Amino acid sequence: MRKIALVICEGETEVCYINLLKSWYKSPIRIISHIEGTKITPSLVEKRTKELKISQWDKVHTFLMYDMDVQAINEKLRKCKAEMLLSNPCFEIWLLLHGKDQKNTIETDALIKELKKSAPVWKNYSKSAFSDTQKSFLNDNTDIAVERAKKLHEFQNPSTGIYKLIEMLAENIRRSSES
């Protein structure tokens, strides 16, 4: 059986992070990212999933990696059949959790400022690109971020479901090494 993780996401920063995961987790799972932005609909999710299922032996696990700071998108996402990797208010909460525990409600602009103050590595953070030191920081602190994210309440501010993808990749690597 060929396992494929389809991650439908909002923008370039998410794709950049998915590409990092591909390089870190030499998983038997093939990870495909696809930017759909605000065009997301249940039929689009179904179409993208079917495009990847080439044979009866393919197993496609579809994820939606979106920010929850736009109410109109949240309504569309609720209707889609996929695993939700939603971040509230935005993706940067996941980055922040690598260096700082964030339990209080925070708005997007304040979150970006907090990220830039949280560790020297984020001082010059800009969306859609990670420096080598930022990549190392993320890799070194992923387990901490997973534990922090799991303690937050899903879909509430602050929260992120990105840890679910990390756990799935780690579990598949563990299983394949036992085989």
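The values are calculated or read from the model by the stated rules, or taken from the named source; none is laboratory data. These numbers come from a predicted model, not from an experiment. Every residue, glycine as well, gets a Cβ built from its backbone with ideal geometry; the counts of neighbours run over all protein chains shown. In case anyone asks, the SASA skips ligands and DNA or RNA and just uses the protein heavy atoms, side chains included. Shrake-Rupley method; radii C 1.70, N 1.55, O 1.52, S 1.80 Å.
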Criterion: under 23 Å from Asn74 (Cα atoms) and among the aliphatic types (A, V, I, L, M) - qualifying residue of Leu138, Leu165
Leu165
Which numbered condition Ser126 fails, given (1) touching a residue at least 40 places away in the same chain (Cβ under 8 Å); (2) surrounded by fewer than 20 Cβ atoms within 10 Å (Cβ to Cβ):
(1)
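Give segment 6-40 a look and list any residue that's outside any helix (DSSP H, G or I) and within 25 Å of Glu75 (Cβ to Cβ), or say none.
So in segment 6-40, the residues outside any helix (DSSP H, G or I) come out as 6-11, 25-36, 40.
Scanning segment 6-40 gives Leu6, Val7, Ile8, Cys9, Glu10, Gly11, Ser33, His34, Ile35, Glu36, Ile40.
Kindly provide the set of residues from segment 70-79 that are polar (S, T, N, Q) and open to solvent by 30 Å² or more (accessible area, probe 1.4 Å), ordered by number.
First, pick out the residues of segment 70-79 that are polar (S, T, N, Q): 71, 74.
Selection gives Gln71 alone.
From the list Ala145, Ala170, Ala119, which one is more than 15 Å from the chain's Cα centre (by Cα) and of a type in the set (A, V, I, L, M)? Even if it seems obvious, please write down each step before you answer.
Details: Ala145 fails: more than 15 Å from the chain's Cα centre (by Cα); Ala170 fails: more than 15 Å from the chain's Cα centre (by Cα).
Only one candidate passes the filter, namely Ala119.
So that you can scan it fast, the table gives a plain yes or no per residue for (1) within 27 Å of Arg175 (Cα to Cα); (2) open to solvent by 40 Å² or more (accessible area, probe 1.4 Å); (3) modelled with pLDDT under 95:
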site: Pro28; (1), (2), (3): yes, yes, yes
site: Asp58; (1), (2), (3): yes, no, yes
site: His61; (1), (2), (3): yes, yes, yes
site: Met68; (1), (2), (3): no, no, no
site: Lys81; (1), (2), (3): yes, yes, yes
site: Met84; (1), (2), (3): yes, no, no
site: Pro89; (1), (2), (3): no, no, no
site: Asn104; (1), (2), (3): no, yes, no
site: Ala110; (1), (2), (3): no, yes, no
Determine whether Lys103 is farther than 28 Å from Lys39 by Cβ, in a helix (DSSP H, G or I) and either basic (Lys, Arg) or in contact (Cβ under 8 Å) with a residue 12 or more places away in the chain (or both).
no
